[in-house]
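The values are calculated or read from the model by the stated rules, or taken from the named source; none is laboratory data. All values reported here derive from a predicted model rather than from experimental measurement. Because the Cβ atoms are built from the backbone with ideal geometry, glycine has one as well, and the counts that use them run over all protein chains shown. Heads up: the accessible areas ignore ligands, DNA and RNA and are worked out on the full protein's heavy atoms, side chains in. Shrake-Rupley method; radii C 1.70, N 1.55, O 1.52, S 1.80 Å.
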Amino acid sequence: MSDTGTVLRELRGAQKSSKGVSLYSRYVNRPAGRLLAAGAFRIGLTPNQVTLVSAVFTFTAVAAVALGEPSWKLGALVYAGLVAGFAFDSADGQLARLTGRGGPDGEWLDHVVDCAKMILVHTAVLISFHRFGGVPGEGWLLLPLGFLFVAVLTFCAGLLREQLGKAAGPAPATGAAPSGIRAVALLPADYGVFCLVFLLLGSPGAFRTGYAVLAAVHAVFLVAFLGKWFRELRALRAG
């Protein structure tokens, strides 16, 4: 694997299943992560180092939301930082599968960074609302707290579903191709799509509306996911 083209071909064979993955992650984030993983491999970075690069991009963008006065320029910079961090988040796992250097420590670090990201991005929005206004009344400060609750609960419940499912044994292979309709339906719940709302930071009303709509959509998805995961785990017990 001495050249980038060869590395990319190897990475294409080291992808996770596309089942349950939105169009954005399938056709934008994973390919971007594949390019970053190839570059990281060429310069000798480890998967954990790539995870830390992801954290630097993400947390720098999050800090900018909390500390910078909202503007169109800030929104573009925040979006770029969050999207870059998300792509590197995909790259670390791809690099780990390519090199066989993944392990419990890397998975743990990845989940810690993801959890911190979920908490801090909504905390930063709350701080921005409080510092710079952009909300009609103090009641709107509850919106980021509600979104934070939904995001963290979805993340933790999904992670538990994955781990408990693994403990129960490998799931039977269905052989079914990933659903295109499901991939489209999952777009509103994709983190990459969520990042788009920060492009509206230059207009407080537009940002507030877009953020509120996404919060409501994510709440609906949470209810649907909780029911689905509970039924799946109950079926494992029955099996």
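Restricting attention to segment 115-141, the residues that are open to solvent by 30 Å² or more (accessible area, probe 1.4 Å) and among the hydroxyl-bearing types (Ser, Thr, Tyr) add up to 1.
Return the residue satisfying two criteria in turn: it lies in segment 65-86 and is of a type in the set (Gly, Ala, Ser) and open to solvent by 30 Å² or more (accessible area, probe 1.4 Å), and of such residues it is farthest from GLY202 (Cα to Cα). Outline the logic, then answer.
Quick first cut of segment 65-86, residues of a type in the set (Gly, Ala, Ser) only: 66, 68, 71, 75-76, 80-81, 84-85.
Checking the rest, the ones that are also open to solvent by 30 Å² or more (accessible area, probe 1.4 Å) come to 71, 76, 80.
Working: SER71: 4, ALA76: 9, ALA80: 15 Å.
Of everything passing the filter in segment 65-86, ALA80 is farthest from GLY202 (Cα to Cα).
Among the residues of segment 16-57, which ones are within 29 Å of VAL78 (Cβ to Cβ), surrounded by fewer than 16 Cβ atoms within 10 Å (Cβ to Cβ) and modelled with pLDDT under 65? Scanning segment 16-57 gives a single hit, LYS16.
Looking only at segment 82-115, count every residue that is more than 13 Å from PHE57 (Cα to Cα) and not hydroxyl-bearing (Ser, Thr, Tyr) and tell me the total. Spell out the reasoning first.
Filtering segment 82-115 down to residues more than 13 Å from PHE57 (Cα to Cα) leaves 90-112, 115.
Going one step further and asking which of them are not hydroxyl-bearing (Ser, Thr, Tyr), we end up with 91-98, 100-112, 115.
Result for segment 82-115: 22.
Within segment 55-90, the set of residues being small (Gly, Ala, Ser), farther than 17 Å from ASP190 by Cα and under 15 Å from the mean Cα position of the chain (by Cα) comprises ALA55, ALA61.
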